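One structure below.
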Amino acid sequence: MILSFFFFQSSNLSAEDLDSLEDLVFRLTGQRISIFTVQNIKSNQLDLLNLLKPECGDLVVFIKGNTEIELKALGMARVEVAKLIDSKGLSIYEPGFHFLWINQFPLFEKNNLGKWKSVHHPFTAASPETAHFLYTDPSKVIGLHYDLVCNGQEVGGGSIRIHNPEVQKYVFTEILKVEFLYIWV
């Protein structure tokens with residue numbers, strides 16, 4: 001799977017700028033991204049370009065993969081590209097308020113010790129479509145939590161809680177490995 005995004009009319013960025021962005025993301029995440037400006041289109045880029053529909057002068061950033069690692073690397077690249085474009089005096093935002101709901105978060109992720117942790121909080125319920133993965137593969141569980149974003153900044157959010165005490169106990173003891181002296185169920 002290819003994950004990507006693009007910035008409109010970013011052709012002012014030099015090849016050195018693009019190389020330094022690729023190097024920065026690699027140093028910070030260990031993941032390789034690819035960046036190019038749509039000008040002279042190569043045949044091996046056609047499928048991606050047909051999917052994204054960028055125009056001449058747009059900057060395309062992409063990475064191969066679909067795990068949390070690649071998503072974080074691509075997110076970091078997005079922020080660094082925006083900083084670079086802004087440092088060149090170019091506007092990356094259209095005037096006004098631009099809202100976005102984000103609602104497809106994983107429920108759990110591994111910490112740097114390889115142990116599961118809650119992405120939102122340990123009381124967040126699993127989506128009905130993925131709840132069965134609680135017992136087999138927590139990495140595939142999507143949480144019922146959401147964020148409201150305006151112009152790239154989180155302005156609100158929330159979640160639906162676990163209402164079944166047995167499921168809550170399982171999340172704490174079997175997935176998160178929280179040790180309790182006593183659990184009231």
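The values are calculated or read from the model by the stated rules, or taken from the named source; none is laboratory data. For clarity, every value in this text was computed on a predicted model and none was experimentally measured. All Cβ positions, glycine included, derive from the backbone under ideal geometry; neighbour counts span all protein chains shown.
Looking across Leu107, Leu134, Leu74, one residue alone is closer than 30 Å to Leu13 by Cβ and touching a residue at least 24 places away in the same chain (Cβ under 8 Å). It is Leu74.
Residues that are outside any loop (DSSP other than H, G, I, E, B) and surrounded by 12 or more Cβ atoms within 10 Å (Cβ to Cβ) within the stretch 101-123 comprise Ile102, Pro106, Phe108, Glu109, Lys110, Trp116, Lys117, Ser118, listed in sequence order. Residues that are part of a strand (DSSP E or B), polar (S, T, N, Q) and closer than 20 Å to Lys177 by Cβ within the stretch 124-164 comprise just one, Thr124. Consider the stretch 138-177 and keep the residues that are surrounded by fewer than 16 Cβ atoms within 10 Å (Cβ to Cβ) and of a type in the set (Gly, Ala, Ser). The one that is modelled with the lowest pLDDT is Gly152.
May I ask you to verify whether Phe180 is exposed (fewer than 11 other Cβ atoms within 10 Å of the Cβ) and of a type in the set (Phe, Trp, Tyr)? Explain how you work it out, then say what you get.
On the way: exposed (fewer than 11 other Cβ atoms within 10 Å of the Cβ): yes; of a type in the set (Phe, Trp, Tyr): yes.
Against the criterion (exposed (fewer than 11 other Cβ atoms within 10 Å of the Cβ) and of a type in the set (Phe, Trp, Tyr)), Phe180 qualifies.
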